Amino acid sequence: MEYLKDGARKLGVKLNSAQLKQFQMYYLELVSWNQRVNLTTITDFKEVQIKHFLDSLSVTIALNHQINDTKIRLVDIGTGAGLPGLPIKIAFPALKLILIEATAKKAAFLDHLKAKLGLNDVEIVVGRAEEIAHEIRYRKQFNIVLSRAVAPLPTLVELALPFCTMNGSFIAQKKGAIDQEIRQADKAINLLGGNLREIKRVNLNEFLDERYLIIIDKTSPTPEQYPRRSGIPAKRPLI
């Protein structure tokens, strides 16, 4: 796992031999299950290390000192194959992690992987974020909300901010030209109680494209009617 190890070191994340073995097992299980469950189009060993695992760990640029706080509760919305949540959990095992995934077959993979990697304090929730965000045990319960390659930013803001505690943060991973997407999300951010704190560029030679972390802080309560019912945030985004 040298590509991952070296890239993580540049991020300030030191992976020990046990953690690298967990990532190795993650890769093997991913490509094995991918033969019968559509988890990823990227299966090359080097590419998975960089485009999946290292890309997931790049979120730590935005977390600063929070990442080592054992009280941190983190939720990953639309996690798919467990990205970015599980790589962050492997690197920082004290975190309490919730993975939300609407597809039952992908959730089954996550359950299997959680047991295979021996991870504690990981809960897999099967369902749509629009519905889960209205459940008392999940709404306003997370210091950090993550999402990667799920939807345009205006939609993501509506799905994510209801999960945030007051003064918590939503971190969206984006790449390429993002200026228009950020402008379009302005209404949703303001309406749902957010404040765009920062846009961080991920500067690693391993990535050949432009990658960004969009950090939105929860500064006021999200109105109770949000998110709207399943499918509506994507069909009629708040722009």
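A few remarks follow.
- Residue selected from the range 13-45 under the condition among the hydroxyl-bearing types (Ser, Thr, Tyr) and part of a loop (DSSP other than H, G, I, E, B), by the criterion surrounded by the most Cβ atoms within 10 Å (Cβ to Cβ): Thr40
- The range 120-135, subset surrounded by fewer than 16 Cβ atoms within 10 Å (Cβ to Cβ) and under 24 Å from Ala94 (Cα atoms), residue farthest from the chain's Cα centre (by Cα): Asn120
- Only one of Glu181, Glu198, Glu131 that is touching a residue at least 60 places away in the same chain (Cβ under 8 Å), part of a helix (DSSP H, G or I), of a type in the set (Asp, Glu) and out of contact with any Asp or Glu (no Cβ under 7 Å at 6 or more places or on another chain): Glu131
- Only listed residue being part of a loop (DSSP other than H, G, I, E, B) and of a type in the set (Lys, Arg), chosen from Lys105, Lys140: Lys140
- Search result, residues across the range 208-233 that are over 18 Å from the mean Cα position of the chain (by Cα) and among the hydrophobic types (A, V, I, L, M, F, W, C): Leu208, Ile232
- Residues of the range 183-211 satisfying the condition of being surrounded by fewer than 18 Cβ atoms within 10 Å (Cβ to Cβ) and within 19 Å of Pro154 (Cβ to Cβ): Arg183, Gln184, Asp186, Lys187, Asn190, Leu191, Asn195, Leu196, Arg197, Glu198, Ile199
- Ile182 meets each of the listed conditions (1) touching a helix residue (DSSP H, G or I) at 6+ places or on another chain (Cβ under 8 Å); (2) under 18 Å from Asp76 (Cβ atoms) apart from (2).
A short reminder: the numbers here are calculations on the coordinates, not readings from a lab. Nothing here was measured: the structure is a model prediction, and the numbers come from that model. Every residue, glycine as well, gets a Cβ built from its backbone with ideal geometry; the counts of neighbours run over all protein chains shown.
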